[in-house]
Amino acid sequence: MKKVRITLMSAALLALPALALAEDAPVSELSFVLNTFSFLVMGVLVMWMAAGFGMLEAGLVRSKNVATICLKNISLFGIAGILYYLIGYNLMYAGVDGGYIGSLGLWSADDAAALAGDYSGGYSAASDWFFQMVFCGAACSIVSGCVAERIKLWSFLAFCVILCGVIYPIQGSWGWGGGWLSEM
């Protein structure tokens with residue numbers, strides 16, 4: 001009896017993602033909230049992954065460089081947050097439409113439509129910004145581990161500015177922002 005119950009529960013869990021494939025259904029308030037919550041929770045998990053990268057790096061370098069490694073891993077999220085907010089989010093999503101790059105400018109997306117009852121976006125733009133920003137920071141964190149003890153702090157932070165402000169948003173616009181790669 002217990003095996004049958006476990007099998008039925010496993011089958012139900014395996015069938016659950018199929019419910020997400022119903023694209024024509026209107027987005028309700030509940031699905032908007034759950035999608036937004038999912039972005040935030042998964043973003044926090046990615047941020048913990050980057051914290052794990054930082055601890056791994058700190059354990060693999062000489063003791064005299066641990067403070068610099070920790071400073072790099074904390075400051076790269078500050079750089080990622082600021083630059084992805086100011087430049088990157090628009091480069092990734094605004095006006096790509098099958099092209100190669102989005103538009104420049106300050107991020108102006110707001111969730112006023114959702115507050116008015118229009119849930120057609122499917123999720124909060126701010127939660128999507130957070131989710132993409134932590135992946136941008138995780139990309140910097142991976143590079144940080146590759147160049148640990150081999151690069152000066154300011155050189156690495158300059159690289160983070162370029163990666164978070166230009167490289168990551170442009171390559172992301174190709175796939176997720178509606179660019180040429182998603183059109184293929």
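The values are calculated or read from the model by the stated rules, or taken from the named source; none is laboratory data. Predicted, not measured: the structure shown is a model, and the values here were computed from it. We work out accessible area using only protein heavy atoms, side chains counted, and drop any ligands, DNA or RNA first. Shrake-Rupley method; radii C 1.70, N 1.55, O 1.52, S 1.80 Å.
Per-structure values
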item: Residue identified as modelled with pLDDT of 70 or more, closer than 30 Å to SER31 by Cα and among the β-branched types (Val, Ile, Thr) among ILE87, ILE79; result: ILE87
item: The stretch 138-158: number of residues that are part of a helix (DSSP H, G or I) and open to solvent by 70 Å² or more (accessible area, probe 1.4 Å); result: 3
